[in-house]
Every structure is written in structure tokens, then in C-alpha cells.
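Only one structure is covered here, and it is reproduced in the block below.
The values are calculated or read from the model by the stated rules, or taken from the named source; none is laboratory data. Please read these numbers as outputs of a predicted model, since none were measured by experiment. Cβ placement follows ideal geometry from the backbone for every residue including glycine, while neighbour counts extend to all protein chains displayed.
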Amino acid sequence: MRLALIVLATLCLSTSATAIEDSRVPGGIAIIPIEADARPTFNGKPVLTINHGEQHVAVVGLALSLEPGDYSLQNKGKQIPFQVKPKKYLEQRIYLENKRHVTPNTLDLDRIKSESQKQRGALDAFDGTLDSIRMILPVEGPISGPFGKRRFFNDQPRRPHSGTDIAAPTGTPIKAAAQGRISLIGDFFFNGRLVVIDHGEGLKTMYNHMDQIDVKEGQIVAQGEVIGTVGATGRVTGAHLHLGVILNGVSVDPALFVPEIRALPQ
Ligand SMILES: [Zn+2]
């Protein structure tokens, strides 16, 4: 009996320690065992490392645009090979009233360019230490746009969906998914009012289409702290939160870090 209890306790511990799961597909993550003092890079970008159960591992973000095939993690001149398998994401057709959100004009294009540079800078940053890899659901609601869907706006193909859309009424409070530093706030053409939280070691969360922003750049927020409210700003068809999770500069499936997303109705 005592043995059974010990076994049960060990199982629970290992379950809570494995908050994230390996998923070697475009938009997924590769969890690769590595030495404790490793400084791995992937595609020239530094990669997050953590203690995962008994092991020290690298957690590599795999871009949605990555072609399935053979890749390798670089570490101190050595290569650690791994394979990325294909994944089929569904298609989504969206119809927008605002035609400029489908075909932006010249002025819009200038704005979009400068905003995407700002965003790139915030999403590529790699500094600070990671407090915890575990994240909580920032907003409750049905999923109105799953991660990775191949999108057509008014029948024109656009980039696949880089986050998870959770529908909620305007004004619903948004909680920080994890502790971190506010590294970017803005009011962008496509993403609307947005907040980026840098959790350290290249892991960030992004909150788009917000109504109200209640934080400032540089501010440290705790997990669960309210950063603002859900809105319908930017390229949207209704009020929702677009939650993005970014790792080594690429967007990965938020459900890998926020498992509660899998339980939300669609
Ligand atoms: Zn979205």
C-alpha cells in the first residue's frame, strides 16, 4: 500500500514537472536533452534551456513556415540532429468589411512596415531569466480561431494564424499568462492594441486586439495580473483575444504552454 502511494506521488510529480510536451511539427516545439552549461542556438538564434524533470533540456520553437525534414540544434560547435514531421492545419475563410485590412494602401504599408520592425525587435529579444514555463489561461471563452489555420481574407491567401483566438466580450479582463516584463505596447494596423510580455530566455506572450491597456513598457507583471481588457481593435470581425506564444523568435501553438486551451469549446 505504502509503495503504491509512493508510486502515485512520483507520477503526480512527474506530471506537474512535464508541463510542456514535445511536438516536432511546424508550429510546435522540440524538447532536446542537453548539458547544464549548454548555450544552444537554432537558425542562428539562442534557444531557451530549462530543467525538465530530471533533465536539462533545450526547448526549440519550430516556425509554422518550417518545411518538414531534418534539422539540427547547434551547441558549442556540435550539431544535435532532430526531425520535424508534417502537420496539416485546416483552412479558414474570413470576410472583412474594411477592404484596407485585405489590401492596405501605400500609407498603410509604411505604417505596417515600421510596426512589424518594432514587433520583430520585441519578439526576437533574448534576455532575462525564465521564472517558470507554466502559463495560465488569460481569458475564458470559446476558441474562435485556432492556431495554425491557413487563412484567406476575402478569398486572398494570407499568412497562417500565429496564435489562438479566444472570443470574449469587450471589457473582459485579460490576465498575464506568466510572470514577466512588458516589452512592447502599441496600437498596430493589423494587431490593434497589443501588449508583449517577455518571460525571459526568448519566451514571450502577445495579446492583440485589446480595448484597454493597463500596463506600461518596462513594468514587471505577476502571473494572473490584469494587463488590460479584451477588445476589437485592428483586423478583426468581433471582440476576442488573440494570444500568441513566441519562442526563439517564432510563433508556436499556445496550447503547448497553456493546456487549458484544449478544453475550451470551439
Ligand atoms: Zn488571431
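If I filter the stretch 235-254 down to residues being crowded, with 23+ Cβ neighbours inside 10 Å and part of a loop (DSSP other than H, G, I, E, B), which single residue comes out as farthest from the chain's Cα centre (by Cα)? Residue satisfying both the conditions and the ranking: Asn248.
Of all residues in the stretch 104-115, exactly one satisfies the criterion of being β-branched (Val, Ile, Thr) and exposed (fewer than 11 other Cβ atoms within 10 Å of the Cβ), namely Thr106.
Reported count of residues in the stretch 106-129, each being assigned to a loop (DSSP other than H, G, I, E, B) and either at pLDDT below 90 or among the charged types (D, E, K, R) (or both), is 3. The residues on offer are Pro40, Pro68, Pro26, and the sole one that is surrounded by fewer than 19 Cβ atoms within 10 Å (Cβ to Cβ), at pLDDT 95 or above and not polar (S, T, N, Q) is Pro68.
For the stretch 117-150, a residue qualifies if it is polar (S, T, N, Q) and within 16 Å of the ligand (Cβ to nearest atom), and the qualifying residues are Gln119, Ser144.
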